[in-house]
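Have a look at the structure below, then the notes.
Derivation of every value follows stated rules applied to the coordinates shown; laboratory data play no part. Just so it is clear, the structure is predicted and the values come from calculations on it, not from any experiment. Here Cβ is always computed from backbone atoms with ideal geometry, including for glycine, and neighbour counts include all displayed protein chains.
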Amino acid sequence: RSSGDRGGRRSGQATGVMQNRISKSTPIREVVQEGQEIIVQVSKDPIGTKGARCTSHVSLPGRYVVYLPTVDHIGISKRIGSDKERARLRETIEGMKPPSGGLIVRTLAEGLTKKQLKQDVGYLVRLWGEVAKKKEGARAPALLSSELDIVLKVARDLFTDEVDQVVIDDRHQYERLIRFVEMFAPDRVKDVELYTGKEPLFDAYGIEDEIQRALSRKVPLPSGGYLIIDQAEALTAIDVNTGRFVGKGSKDMEETILKTNLEAVNEIAYQLRFRNIGGLIILDLIDMEKSSSREKVRRTLDDLLQKDKAKTTLNRISDLGLIEMTRKRTRESLGRFLHEPCFYCDGTGQLQSKETIAFEILREIRRKHKDLPGYTIQVSAHPAVVDLLSGPEKATIADAENRYLRKIAIVPRKDYHLEQFDISGR
């Protein structure tokens, strides 16, 4: 019985931890037995029809270091580019490595002192000790440790030097945040502000508009072009269009396309992070004739993706202007959190045309006319469909009346959606 809980990296009850890496070819029956209790951690939230992914290799993230209590490993974030700094951090962290487990140095640790790193490591080791203590008296399934809530997690992971200020409009959460920041970055306490304005916080800072933009299929670009973002189960397709932004000559056109594509990749990198789009992503850029233009666009996108905390891979631009890329997906996208499938179109994003519905009604009359009671066949439908049957298709209705020797009465119903209709006899 494996146990744990849903949500950001939570650890469940166990009587033991698998310490050594096991070959993928090892039969599962040699790894775990029915009824065995093991500590697991949710490494990936449920997405769509896929359940949560769990791992027995627990990782406890701090602000500067990640502690791996079950894996003997030392790692340095790839985002720390200086070889000298990487060597310094490796030497520093190896000197404070716990007797069991390993450590990964996070990007924020760049330039930190040994004392600062040691405080973070000490906190994580104590946290693991609390987990081990809890499991002694617990029975599976039991929650042993849970991730920080959204307020403190954002402060820990996102309150970097690139962020000037954190603004919050709840006094209780503000006080919690101040206490938390005092522990790991006392010099940044002054940058946490309690918002007391009359205007809602999201309106004051334009967040509400950004959310609406992030939920829109069409995203405008500064020069008049736009993106079309379509998310499907298997992949996300992003199409780039010039819109009204066009040049006059062939040289102008190439410059127009290059400028639009550069604007597009800037917006795409932002939208991928903001919408939390993951998995396979296909970018359909506007075709560029010059290889130098294609390389410039790809290099720009690659540089922008380096700022993304999620792992990304990027292929070259094909001759058709397509880029295949992937972005690690650990939870649902913003759109799937904030949207529900449309009951009107059943999530397809499309409706049948009024012509299609009108001819479906005529076929249904043909199938049912013998079984309907009375002399009159009554059709109740959306006004747009009724207008079509009473106007352009009036002769078709008259022909049906003559053929079936029945009167057909068409009744508009404003409360019906476009695809809805009823046929009855009276």
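Odds and ends about this structure:
- Per-residue HN-Hα couplings for the stretch 208-225 [Karplus 6.51, -1.76, 1.60; θ = phi - 60°; Hz; x = Gly/Pro]: 4, 5, 5, 5, 4, 5, 6, 9, 8, 6, 9, 10, x, 10, x, 8, x, x
- Computed about the Cα centre, the dipole magnitude for the stretch 154-260 is approximately 320 debye when only Lys and Arg (+1) and Asp and Glu (-1) carry charge, each at its Cβ.
- Degrees between helix 114-136 axis and first principal axis of the chain (Cα, 0 to 90, nearest 10): 70
- The H on the amide N of V167, modeled in the peptide plane, is under 5 Å from the matching H of E193, each at least 5 residues off or on a different chain.
- Residue-span extension gain [R90 to S146] - 0.36 nm each, minus C-alpha spacing: 17.3 nm
- Note on the stretch 354-425: semi-axes of the ellipsoid equivalent to its C-alpha gyration tensor, largest first and rounded to whole Å, are 18, 13, 10.
- Rough spin-label spacing in nm, given labels placed 7 Å along Cα→Cβ, for I28 and L351: 4.7
- Of the cross-linked pairs K44/K311; K78/K190; K84/K114, those separated by over 20 Å at the C-alpha level are K78/K190.
- Within the straight-line cut-off of under 19 Å between alpha carbons, the aspartates and glutamates reachable from K296 are D239, D252, E254, E255, E263, E267, D284, D287, D319, E324, sequence neighbours fewer than 8 places apart in one chain being disregarded.
- Theoretical gain in end-to-end length, K368 to S100 [0.36 nm per residue, Cα-Cα removed]: 88.8 nm
- Percent breakdown of C-alpha pair distances by 10 Å bin, ordered from the shortest bin, for the stretch 151-196: 29, 64, 7
- Chymotrypsin sites (Phe, Trp or Tyr not before Pro), loop per DSSP, at most 12 other Cβ atoms within 10 Å - longest free stretch of the chain: 1-342
- Isotropic mean projected area of the C-alpha convex hull, the chain (nm²): 33.5
- Kirkwood hydrodynamic radius of the stretch 273-370, from inverse mean 1/r over distinct Cα pairs, in Å: 17.5
- A DSSP coil position with no more than 14 other Cβ atoms inside 10 Å describes the following GluC sites (Glu not before Pro) in the stretch 111-201: E162.
- Dipole of the chain, positive direction: furthest Cα of V167, Y123, P200, with charges on the beta-carbon: Y123
- Cross-link partners for K134 among the aspartates and glutamates, with Cα-Cα distance under 19 Å and sequence neighbours closer than 8 places in the same chain left out: D5, E37, E147.
- Interatomic Cα distance distribution for the stretch 85-232, bins of 10 angstrom, percent: 8, 25, 27, 23, 16, 2, 0
- One decimal place: the segment R126-I207 gains 25.3 nm when fully extended, by the rule 0.36 nm per residue minus the C-alpha distance.
- Nearby lysines by direct alpha-carbon distance to K370 (threshold 29 angstrom, same-chain neighbours under 8 apart not counted): K354, K394, K407, K414
- Computed E for V163/T326 - FRET, C-beta separation, R0 41 angstrom, nearest 0.05: 0.95
- Hull-based mean projected area of the stretch 91-151, where the convex hull spans the alpha carbons, in square nanometres: 5.8
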